[in-house]
Amino acid sequence: MQESQTKNEKSKRFQSDRHRMQKREPRKPFQRENDLYITNKTDFNAQFKECIKILNSDVAEVYLHCIGNAINRGINLALKLNQAYDIFQYEANTSTIELTDDYHPLRDDDDFVIQKRMNSCLHIRVYRKLLDNNSKSMST
């Protein structure tokens, strides 16, 4: 029974009116030229144009990385790319990332607290559809 109490205590979020919470930037393990980290702060049309720019380059595929609330935006972006340009397809993978929150004390007698939490991630690969031999011969 003590083990379950310990688990519950670990899963509870730290709350205090004597601390100021600051969320750390999440890790960005992928730093390639065709990796886009989708946020709700960036303009949707700007993200769409950046995807088109990358997809029209030599790379011809883009990876959309979304965390938490930005997952809906990433899905909408992939669907809009697919709808606007029929030659693009997409595939998605999910994962979980560990995020860190810092709690800075507002008083000198309180301690600095670090809390870790998990959040959902979505990684969407948008790429050009390969044309089969029949469709190539019909278009020429």
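List of remarks:
- If the condition is being touching a residue at least 60 places away in the same chain (Cβ under 8 Å) and either surrounded by 13 or more Cβ atoms within 10 Å (Cβ to Cβ) or within 18 Å of LYS129 (Cα to Cα) (or both), then segment 19-57 contributes HIS19, MET21, PRO26, CYS51, LEU55.
- ASP111 falls short on exactly one of the conditions (1) free of Cβ contacts under 8 Å to residues at least 40 places away in the same chain; (2) closer than 21 Å to LYS28 by Cα, and that condition is (2).
- Note on segment 40-140: enclosed strands (runs of 3 or more DSSP E) holding 2 or more residues that are within 30 Å of ARG18 (Cα to Cα) are 88-105, 113-128.
- Of all residues in segment 74-89, those that are buried (at least 18 other Cβ atoms within 10 Å of the Cβ), at pLDDT 95 or above and not aliphatic (A, V, I, L, M) total 1.
- Boolean, LEU131 is more than 22 Å from ARG32 (Cβ to Cβ), of a type in the set (A, V, I, L, M), modelled with pLDDT of 95 or more and loosely packed, with under 15 Cβ neighbours inside 10 Å: no
- Of the residues ARG13, ARG32, the single one that is of a type in the set (D, E, K, R) and either modelled with pLDDT of 80 or more or assigned to a strand (DSSP E or B) (or both) is ARG32.
- Within segment 90-115, restricting attention to residues that are hydroxyl-bearing (Ser, Thr, Tyr) and surrounded by fewer than 15 Cβ atoms within 10 Å (Cβ to Cβ), the residue that is farthest from ALA46 (Cα to Cα) is THR100.
- If you go through segment 78-108 and pick out every residue that is of a type outside the set (D, E, K, R) and more than 18 Å from LYS28 (Cβ to Cβ), you end up with 16.
- Pairing each residue of segment 58-73 that is at pLDDT below 95 and surrounded by fewer than 18 Cβ atoms within 10 Å (Cβ to Cβ) with any residue that is assigned to a strand (DSSP E or B) and of a type in the set (D, E, K, R), provided the two are 6+ apart or on different chains, yields C-beta distances under 7 Å for ALA60/ARG128; GLU61/ARG125.
The values are calculated or read from the model by the stated rules, or taken from the named source; none is laboratory data. Quick caveat: nothing in here was measured; it's all calculated off a predicted structure. Here the Cβ is made from the backbone with ideal geometry for all residues, glycine too, and neighbour counts use every protein chain on show.
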